[in-house]
Structures are given as structure tokens and as C-alpha cells.
1. Please go through the stretch 162-234 and write out the chymotrypsin sites (Phe, Trp or Tyr not before Pro) that DSSP classes as loop and that have at most 16 other C-beta atoms within 10 Å.
2. From Cα coordinates alone, what are the radius of gyration and Dmax values for the chain in angstrom?
3. Which parts of the stretch 116-145 would a label at Ser108 reach, counting a residue when its backbone N lies under 18 Å from a point 7 Å out along Cα-to-Cβ?
4. Where in the stretch 147-161 does the amide nitrogen come within less than 17 Å of the point 7 Å from the Cα of Leu22, taken along Cα to Cβ?
5. Once phi is turned into θ = phi - 60°, what whole-Hz ³J(HN,Hα) does the Karplus curve with 6.51, -1.76 and 1.60 give for every residue of the stretch 140-156, x standing for Gly and Pro?
6. Does the stretch 167-279 come out rounded, prolate or oblate, given a ≥ b ≥ c as the square roots of the eigenvalues of its C-alpha gyration tensor, rounded meaning a/c under 1.5 and, failing that, prolate meaning a/b above b/c?
7. Run the helix sum for the chain: -39,500 (n - 2.57) per DSSP H stretch of 4+ residues, divided by residue count, reported at 222 nm to the nearest 500 deg cm²/dmol.
8. Grab the beta carbon distance between Ser235 and Ser286, set R0 = 25 Å, and tell me the FRET efficiency rounded to 0.05.
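Just so it is clear, none of the values below were taken in a lab; they were calculated from the coordinates. Everything numeric here is computed off the predicted structure, so don't read it as measured data. Cβ sites come from the backbone with ideal geometry, for glycine too, and all protein chains shown count toward neighbours.
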Amino acid sequence: MSNRTLGWYAAIERPFDQPWDLEHPVPDPIVPWITHSLHPKLYSLIEKIGTPRALKAEEPLIQPGEPVNQVIVVAKGVTGREVGQISGAIAISPPRHIACGNLNFLTSLPCIGRYFALVDSTVIQVPQKLLRGILQNDRETAWLFSVQAELCTLSDRMGFAIYTIPVEDRLKAFFIAWARNYGRFAQDASGAGWCVMPSTVQRKYIASVANTSRVSLDKTMRAWRESGAYVSQGSSICMKTSLLEPVYRWMSDMEDNAEIRRPPTFLEFIRDIEARRQAAGFKPVSLGW
């Protein structure tokens, strides 16, 4: 699905992160390749002082040879950040996520990689120097930005760790990351749990995120479909929670015994997200069969 509808853009416009602030730590778990969305205060600040810029699919955010001296946040669409210039492995930034500019924010040192739009997108860019000046005079906002940068680093670190596991598990990890931002919970007639979410980025980019080939991607997803664990419905996808459970538990087991722990199972994780969504006024979702 390369042509994106207005409905798809609307569906991914607002990822659902649980609120956090100075008194309440970040409650949502780290996932690879898609870091936490920006704190609302940070996003509002960047909207206020930044400059919008429209990008066509595959258009670079930073031209070759240009320095990374802007903090760039996605307002619409999805952008990618490639590890190095030739590896092909990418992480992605949907709306309200940092696209680039956090990695060298304090040092202005060169960044290794490539930043580009995966679909037609709109970003907001702010000179790092301007934002640094604001943060120097606003302790609370500076703390929020520091937490945001740490979340990016933790997500990238988990992404590197997941490159050590088999291809199918890497693909499952990608869908877990997408589910953390957009997943809903539903049950079928047998009581089995399903995760319902908007379609993701194009298949070639899913393969790039998982650092695999299109052939391996297609083979894996065909097996999921044939097993009945993956169903595509128009602009939505439905995945059995049991399909994603082993990799979710591997992520949990890989983490140290930190004060803040993720829900022990993917089923509990997606149910928790659904409960918070409904508490925020979202209607329950149902399967189309």
C-alpha cells in the first residue's frame, strides 16, 4: 500500500502515549525503532517557534553535506533515519516524534546517517541554537527535553539489541513498536485477543526497519496470514496477541530490574492501552468478521 489515504494520515496523527511530567515518570515501555512521542509541552513549543516544511516521499530532511543543526519534529506523515549511509537499516518517526537533531543537540558534532521522508510528510524545524537558548532559561522544559533525548537513546539501544535475534522475531518487534503507538484491543468470538492498528509504512520500509530482505518479509507475513494470526482489512491490520507474545516477553526479560517495569505480557500491555484509550473517550473497536 504505497498511496496513503487521508484516513490513514488521520489515524496516525496522534500516537497514544500515557502522560508524564516532573512528578510522574514515563510509564510506557521502551520499544525499538519508534521512540516515545514528544511531551505535549515540547511539541507545543516547537509548533510555536518552528517553521513547517512539506516533504515529498523519499525527499531528504538534510541534504548531503549539510550539517544537522536543526531539531526536526514530524507533524504529518512518517520519516526515517538510516543507520549510516549504506547499511539500509532504519528507524522511523511518525507524527509528534523527533525526526532528527537530538543526537548532537549539545555538541553539534557530525551525525552519521541519512534522514528522509517515507511518505509525503510535513515536519517542523527549529534551529538547535534557538532551542538551546530557550532551554537554558527554562529548567522544566530543559528537563523534559533531556528525558525525551534519553528515551530516544534507550529506543535506539533496544533496536540494536533486537538485530541479534531471528528475522521473524525482528518483524514481530516492529509490530509491537507500532502497537505501542496505535494499537487497540479486541476479542474474537472464541475469546482470543487481537491487536487492531492502522496499516504501517510500506513493505520495503518494514524490511529496512527489520534489516531484512523483501523476500524474507513476504515469506514471514504469508506464513502469518496462512496461520490465521494476521489479517489485513483495508487500511487496518489485525494481529493475534499470541503471535507477538514471545518477542514481547523477550524484550521484558532483556531489561534490567528497573523501578518501572513493562506489563508482563503483551496481552496485558495492549489491554492496558485500550483501557486508557476508552477512559480518554475512544469507542471500543471490533473485528470485521
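1. Qualifying residues, ordered by number: Tyr163.
2. 18.5, 57
3. 126-137
4. Residues 147-148 qualify, since their backbone N sits under 17 Å from the label point.
5. 5, 5, 5, 5, 4, 5, 5, 4, 4, 5, 5, 4, 4, 5, 5, 5, 4
6. Values: a/c = 1.72, a/b = 1.20, b/c = 1.43.
Since a/c reaches 1.5 but b/c is at least a/b, the shape of the stretch 167-279 is classed as oblate.
7. Details: 9 runs with 114 residues, N = 289.
Per the formula, -12500 deg cm²/dmol.
8. For Ser235 and Ser286, the calculated efficiency is 0.95.
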